[in-house]
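The values are calculated or read from the model by the stated rules, or taken from the named source; none is laboratory data. Here the structure is a predicted model, which is why all the values come from computation and not from measurement. Backbone-built Cβ (ideal geometry, glycine too); neighbour counts: all protein chains shown.
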């Protein structure tokens with residue numbers, strides 16, 4: 001009687017963390033691009049006032065909840081960005097390029113006035129959503145209000161909101177790069193930030 005041979009299953013190869021990280025980054029970029037497309041479509045629907053054509057739809061946010069199955073919070077983020085496209089062109093460009101997630105972009109659009117847009121958008125791609133919200137919420141900023149801006153333009157006294165955002169000569173804080181953990185601007189050098197409100 002011959003000797004039997006027992007075959008043991010081969011061990012599964014260990015997952016490659018770098019490959020998983022790279023794939024997650026690619027999928028996130030695709031998701032950002034799809035969100036940007038949805039923002040563009042929503043902006044068109046708002047501009048053409050065609051979101052309530054079927055009756056019973058109360059708002060663009062409600063329209064998105066019905067059409068795209070979004071939560072009220074996510075629908076509000078989409079419409080906030082759609083309404084801010086003309087007011088915040090730098091932010092809109094980052095969204096269209098897929099460089100910001102929906103949460104990152106909405107944090108900026110819902111809090112930052114146009115006068116401070118460029119300074120904030122320079123930092124936004126390097127921040128996590130939590131960090132970005134914390135930074136933005138600590139600035140003494142108010143979202144743009146067309147009526148208030150129009151009234152201010154009729155007066156001779158300058159308004160505080162119209163003042164440019166001045167960066168100090170020496171860095172007052174450093175923002176860690178989320179991909180490397182270093183305090184780097186575009187992952188290559190320190191970022192200077194203006195003083196925050198206490």
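Can residue 67 be described as at pLDDT below 95, crowded, with 16+ Cβ neighbours inside 10 Å and farther than 27 Å from residue 136 by Cβ? Reasoning before the result, please.
Working: at pLDDT below 95: yes; crowded, with 16+ Cβ neighbours inside 10 Å: yes; farther than 27 Å from residue 136 by Cβ: yes.
Taking the combined requirement at face value, the residue satisfies it.
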If we take the stretch 59-142, then helices (runs of 4 or more DSSP H) inside it with 2 or more residues that are over 24 Å from residue 49 (Cβ atoms) are 89-96, 102-109, 117-123, 129-138
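Give the residue, chosen from 19, 12, 45, that is more than 30 Å from residue 86 (Cα to Cα) and at pLDDT 85 or above.
On the way: 12 fails: at pLDDT 85 or above; 45 fails: more than 30 Å from residue 86 (Cα to Cα).
Only one candidate passes the filter, namely 19.
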In this structure, does residue 105 turn out to be modelled with pLDDT of 90 or more and either surrounded by fewer than 21 Cβ atoms within 10 Å (Cβ to Cβ) or over 23 Å from residue 45 (Cα atoms) (or both)? no
Could you figure out which of (1) surrounded by fewer than 10 Cβ atoms within 10 Å (Cβ to Cβ); (2) at pLDDT 90 or above; (3) over 21 Å from the mean Cα position of the chain (by Cα) isn't true of residue 4? (2)
Which one is farthest from residue 39 (Cα to Cα), of the residues in the stretch 71-91 that are crowded, with 20+ Cβ neighbours inside 10 Å and in contact (Cβ under 8 Å) with a residue 40 or more places away in the chain? 85
